[in-house]
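Nothing in this text is a laboratory measurement; each read-out follows from the coordinates by a stated rule. Computed from a prediction, not measured in an experiment: that's the story for all the values here. All Cβ positions, even for glycine, are placed from backbone atoms using ideal geometry, and neighbour counts span all protein chains on display.
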Amino acid sequence: MYKVFLSLGSNLGDRENNLMEAIKKIKDMDEIKLTKVSNIYETEPVGYLEQGRFLNMAIKLLTKLAPLELLNKLQAVENLLMRTREIHWGPRTIDIDILMIDNLKMDTKELTVPHPRMLERAFVLVPLMELTEEGDFEGDISEYIDNCKDKNGVVLYKKFEDVVQD
């Protein structure tokens, strides 16, 4: 079984519902066991700035799926939730990124793991820090967060337990 960390983001439509629908669809896959979910954070856009604020979170799961199989299934979830790729780093109903798969390192045309820009993005690292345990991550996540340019733009939006109870 692979231990996998994903980042989820949304800034179009009902952002919170988009995140919850993505989690539900991932959780419902036979080959995946969802083990932990972060709180939700509201964040400033990065890259393309002419767009609305994002809601971001991270999830931890276990799967037997090979990395590219997992990527294909996650992209199918994005497609079901009407993800379009019109502007690089542009607005989206849902974005699901594979951050880490155990200690695996791979760099192919389709997938790079660990995610190549995750250490530069507080909107990824802050929720990820809630999920990691000793040995999951090389180094101190809080030090990476301190060095991120976007660290002041990551604000707690809602505790995950509050979302589930709503």
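Between residue 159 and residue 66, the simple spin-label model (points 7 angstrom out along Cα→Cβ) gives 4.3 nm.
Compute a Gaussian network model of the chain, connecting alpha carbons closer than 10 Å, and tell me which residue from 117, 53, 92 fluctuates the most. Ranking 117, 53, 92 by mean-square fluctuation puts 117 first. Summary value for the chain: 31 percent relative contact order, contacts being C-alpha pairs under 8 angstrom separated by 6+ residues. Where (1) 1.23; (2) 0.96; (3) 1.15 are the candidate values, the label of the one calculated here for Cα Rg over 2.2 N^0.38 Å is (2). What residue among 22, 66, 58 has the largest mean-square fluctuation in a Gaussian network model of the chain, using Cα springs under 10 Å? Ranking 22, 66, 58 by mean-square fluctuation puts 66 first. In the chain, helical runs assigned H by DSSP with n ≥ 4 each contribute -39500 (n - 2.57); averaged across all residues and rounded to the nearest 500, the mean residue ellipticity at 222 nm is -8000 deg cm²/dmol. Here the calculated FRET efficiency for residue 140 and residue 1, from their Cβ-Cβ distance with R0 = 22 Å, stands at 0.25, rounded to the nearest 0.05. With the chain treated as a Gaussian network of Cα nodes joined by springs under 10 Å, which of 26, 98, 59 yields the largest mean-square fluctuation? Maximum among the listed residues: 26.
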